[in-house]
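The structure appears below as structure tokens.
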Amino acid sequence: MAQIEYPTPLLQLIAQLKRLPGIGARSAERIGVWLLQRGPEFMDPFAATVQKAGSEVAECSVCGFFRTKDLCLICEGAGREDSLLCVVEQPADILPLERSGGYKGHYHTLRGRISPLDNVGPEDLRIGELSKRVRGGIFSEVILALSADVEGEATANYLTEILRDAGGPSLRVTRLARGIPVGGGLESADELTLCRALEGRSLMQ
Ligand SMILES: [Zn+2]
């Protein structure tokens, strides 16, 4: 007797869910079944929202944050400190810094960090774009807001070389003071911690 399985479309839904970060086989199955039990009333607007976000939101070509127009609200926004640039790993790191109220400059998202174990090298990150922006010459300081673990550290050291080369001797390259939780990235740091980390930033050696 053939083994009973879920119908193919449900198996395909489960397979897609399994591709999401942090979702294992069991969670994918539970969520897939849960979605189907909600029926079309839930599923249709849910699918439409995913599709709309995918087609209307893109990466800002300057800073790497999200945008719906040509430039994101940060790059387009007036009243920012044009001499400051803060380098982060992921777009999601930008909002905690914004909410902290301790920073009003511009941002640059690397979209990752150098990680030989995961096969991520400098050429996989938005480092060429960073170098180009700094060569443009309007920044007096670049703040590296990367995670405080080995890979974040290695990325910071690598970037310091690149930035000194691109920005010349007058460019200050600084890093956040210690206090950003290891592994969690900026997302898991509270606003006060971030403010203090910004105030206590130090020059890269
Ligand atoms: Zn932008």
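The values are calculated or read from the model by the stated rules, or taken from the named source; none is laboratory data. Just so it is clear, the model here is predicted, and its values are computed rather than measured. Ideal geometry is used to build each Cβ from the backbone, glycine not excepted, and the neighbour counts take in all protein chains shown. When the accessible area is computed, the model is the full protein with side chains, heavy atoms only, and any ligands, DNA or RNA have been set aside. Shrake-Rupley method; radii C 1.70, N 1.55, O 1.52, S 1.80 Å.
Within segment 55-64, count every residue that is farther than 27 Å from residue 133 by Cα and under 18 Å from the mean Cα position of the chain (by Cα). Matching residues across segment 55-64 total 0. Restricting attention to segment 10-28, the residues being within 28 Å of the chain's Cα centre (by Cα) and either open to solvent by less than 60 Å² (accessible area, probe 1.4 Å) or more than 18 Å from residue 50 (Cα to Cα) (or both) number 11. Kindly evaluate residue 47 against the criterion of being away from the ligand (no atom under 16 Å from the Cβ), part of a helix (DSSP H, G or I), in contact (Cβ under 8 Å) with a residue 12 or more places away in the chain and under 26 Å from the mean Cα position of the chain (by Cα). Against the criterion (away from the ligand (no atom under 16 Å from the Cβ), part of a helix (DSSP H, G or I), in contact (Cβ under 8 Å) with a residue 12 or more places away in the chain and under 26 Å from the mean Cα position of the chain (by Cα)), residue 47 does not qualify. Inclusion of residue 69 among residues that are more than 27 Å from residue 197 (Cβ to Cβ) and within 12 Å of the ligand (Cβ to nearest atom) is warranted. A Cβ distance below 9 Å, combined with a sequence gap of six or more or placement on separate chains, defines the contacts here; from segment 67-78, residues that are at pLDDT 90 or above reach residues that are part of a strand (DSSP E or B) and more than 10 Å from the ligand (Cβ to nearest atom) in the pairs 67/58; 68/58. Within segment 87-113, the residues that satisfy the criterion of being more than 14 Å from the ligand (Cβ to nearest atom), open to solvent by 10 Å² or more (accessible area, probe 1.4 Å) and under 18 Å from residue 195 (Cβ atoms) are 96, 99, 100, 101, 102, 104.
Condition check for residue 91 on (1) touching a strand residue (DSSP E or B) at 6+ places or on another chain (Cβ under 7 Å); (2) modelled with pLDDT of 95 or more: one failure, at (2). Within segment 14-21, the presence of a residue that is among the small types (Gly, Ala, Ser) and within 16 Å of the ligand (Cβ to nearest atom) is excluded. Just one of the listed residues (61, 83, 55) is more than 14 Å from the ligand (Cβ to nearest atom), within 24 Å of residue 125 (Cβ to Cβ), small (Gly, Ala, Ser) and open to solvent by 20 Å² or more (accessible area, probe 1.4 Å), and it is 83.
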